[in-house]
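First up is the structure itself, then whatever we jot down about it.
The values are calculated or read from the model by the stated rules, or taken from the named source; none is laboratory data. Worth saying up front: this structure is predicted, and the values here are computed from it rather than measured. Note that we place each Cβ from the backbone using ideal geometry, even for glycine, and neighbour counts take in every protein chain shown. For the accessible areas, the whole protein counts, side chains as well, though only heavy atoms, and no ligand, DNA or RNA atoms are used. Shrake-Rupley method; radii C 1.70, N 1.55, O 1.52, S 1.80 Å.
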Amino acid sequence: MDIIIILFLFAMLFFFTAIPIKIGAHILKIEGATIGVCFIAVVLSIIASILVALFIGEGIFPSVIAFIITGIFFSWLFKTNTVTGFVLAGISIGVQLLFTFIIAGLGFALS
């Protein structure tokens, strides 16, 4: 039973992180944006957020710095220009918020 719960949690994590990046890459028509590359982008974004939180702290300013680093990682990983990397990061955040609002609206949000 624990394995089923763990697999469900990984599926939800994948749904909330990699799929929004894939959707954003599709909107921007980025070539070579496979699910594997999107998952690596998620890992790099998490690493950037953790490092910024460790060295700077938490708040609005560190979030902006983490967004900038994530945009640079996305532009490097998806082999696009920097502006496209920032737009992709912004779209992925927007899609994640949209998914969160939809799930909360359906009553599935954990409190």
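Overview of results
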item	result
Lone unmet requirement of (1) farther than 22 Å from Leu98 by Cβ; (2) of a type outside the set (A, V, I, L, M); (3) free of Cβ contacts under 8 Å to residues at least 40 places away in the same chain; (4) open to solvent by less than 80 Å² (accessible area, probe 1.4 Å) for Phe55	(4)
Residue in the stretch 74-85 that is out of contact with any helix residue (DSSP H, G or I) (no Cβ under 8 Å at 6 or more places or on another chain), free of Cβ contacts under 8 Å to residues at least 60 places away in the same chain, in a helix (DSSP H, G or I) and not aliphatic (A, V, I, L, M) present	no
Subset of the stretch 65-87 [under 16 Å from Lys22 (Cβ atoms) and among the β-branched types (Val, Ile, Thr)]	Thr70, Thr80, Thr84, Val87
Members of the stretch 30-45 found to be out of contact with any helix residue (DSSP H, G or I) (no Cβ under 8 Å at 6 or more places or on another chain), part of a helix (DSSP H, G or I) and either under 17 Å from Phe86 (Cα atoms) or in contact (Cβ under 8 Å) with a residue 12 or more places away in the chain (or both), listed by number	Val43
Some residue of the stretch 33-41 being surrounded by 13 or more Cβ atoms within 10 Å (Cβ to Cβ), closer than 27 Å to Ala11 by Cβ and small (Gly, Ala, Ser)	yes
Tally, over the stretch 1-37, of residues that are touching a Ser or Thr at 6+ places or on another chain (Cβ under 8 Å), over 17 Å from Ile102 (Cα atoms) and of a type in the set (A, V, I, L, M, F, W, C)	3
Qualifying position, being surrounded by 13 or more Cβ atoms within 10 Å (Cβ to Cβ) and in a helix (DSSP H, G or I), among Ala25, Ala11	Ala25
